[in-house]
1. Which one of L162, L84 is closer than 25 Å to I199 by Cβ and either among the hydroxyl-bearing types (S, T, Y) or modelled with pLDDT under 75 (or both)?
2. Which of the residues spanning region 84-106 are aliphatic (A, V, I, L, M) and farther than 28 Å from Y45 by Cβ?
3. On the given criteria, is K90 surrounded by 19 or more Cβ atoms within 10 Å (Cβ to Cβ) and not small (G, A, S)?
4. One residue is enough: does region 65-74 have a residue meeting the conditions in contact with an Asp or Glu (Cβ under 7 Å, 6 or more places away or on another chain) and in a helix (DSSP H, G or I)?
Amino acid sequence: MACKKNDAPPEKLTTSEMAQRLYTQKDFVDFAGSFAKNFKYLTDYYQTPALLSNQEKFVSRLKFAGEDYVELQNIHKDYGLNLLEIQNRKANLENSILKLFHNQPALMEYSEDEFWTIIKQSVLLMKQSSVNRLIKSNASNVTGKAIVVDEIWDCLVRATGLGVASIISIAALHALAKKGIQEIVVTASAFMAKRAGFIGLAIMVLDFSSCMYRASYT
């Protein structure tokens with residue numbers, strides 16, 4: 001029998017088409033809320049007096065430490081931070097994405113750059129639509145003012161351009177999702193440290209914080 005046209009695998013959607021399909025899905029709305037809140041949860045941990053008064057030196061020391069996990073631990077301790085706590089909070093972000101991959105497996109067909117393009121486009125579409133009301137009620141208190149999830153996304157997009165590729169490996173999350181792994185459990189190992197992107201994470205968090213806390217006063 002001749003092959004039917006509908007036997008062929010479906011064509012991969014463009015990033016714009018995928019974003020159009022994704023932004024109305026409850027799975028994506030849930031992801032948008034959890035990712036934003038988890039990023040703020042991570043960022044809040046960096047708000048120590050020692051770090052806020054000397055951000056450039058902190059980043060400089062991280063660059064000098066490279067992949068020396070013991071030295072990375074010591075540097076964070078000097079600034080009132082615990083490296084394992086940062087890894088655990090970062091795992092929340094990764095688990096948000098991992099859950100999205102399980103719920104929307106078509107996303108695993110896209111490259112890292114394509115994935116973040118889809119996320120950014122989907123968030124912008126969601127914020128411009130009535131879907132946005134689904135996340136507006138989820139608020140957290142920042143310096144006395146309620147900052148809602150869509151405002152957190154404003155800072156994620158504006159301050160960093162969603163430049164999370166340096167701190168989260170989409171390829172690694174693809175592999176975990178394909179193996180059926182449901183959740184990332186962080187351990188204080190050199191293996192994890194080499195892949196945590198602490199320099200990129202620090203820069204992104206500090207840029208985000210600048211936007212987030214400035215927004216809380218406007």
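1. On the way: L84 fails: either among the hydroxyl-bearing types (S, T, Y) or modelled with pLDDT under 75 (or both).
So the residue among L162, L84 that is closer than 25 Å to I199 by Cβ and either among the hydroxyl-bearing types (S, T, Y) or modelled with pLDDT under 75 (or both) is L162.
2. Within region 84-106, just A106 meets the criteria.
3. Details: surrounded by 19 or more Cβ atoms within 10 Å (Cβ to Cβ): yes; not small (G, A, S): yes.
So K90 passes the test.
4. Within region 65-74, the subset in contact with an Asp or Glu (Cβ under 7 Å, 6 or more places away or on another chain) is 65.
Still in the running and in a helix (DSSP H, G or I): 65.
Yes: one or more hits.
The values are calculated or read from the model by the stated rules, or taken from the named source; none is laboratory data. Because the structure is predicted, anything quoted here is derived from the model rather than measured. Methodologically, a virtual Cβ is constructed for each residue, glycine included, from the backbone with ideal geometry; neighbour enumeration extends over all protein chains shown.
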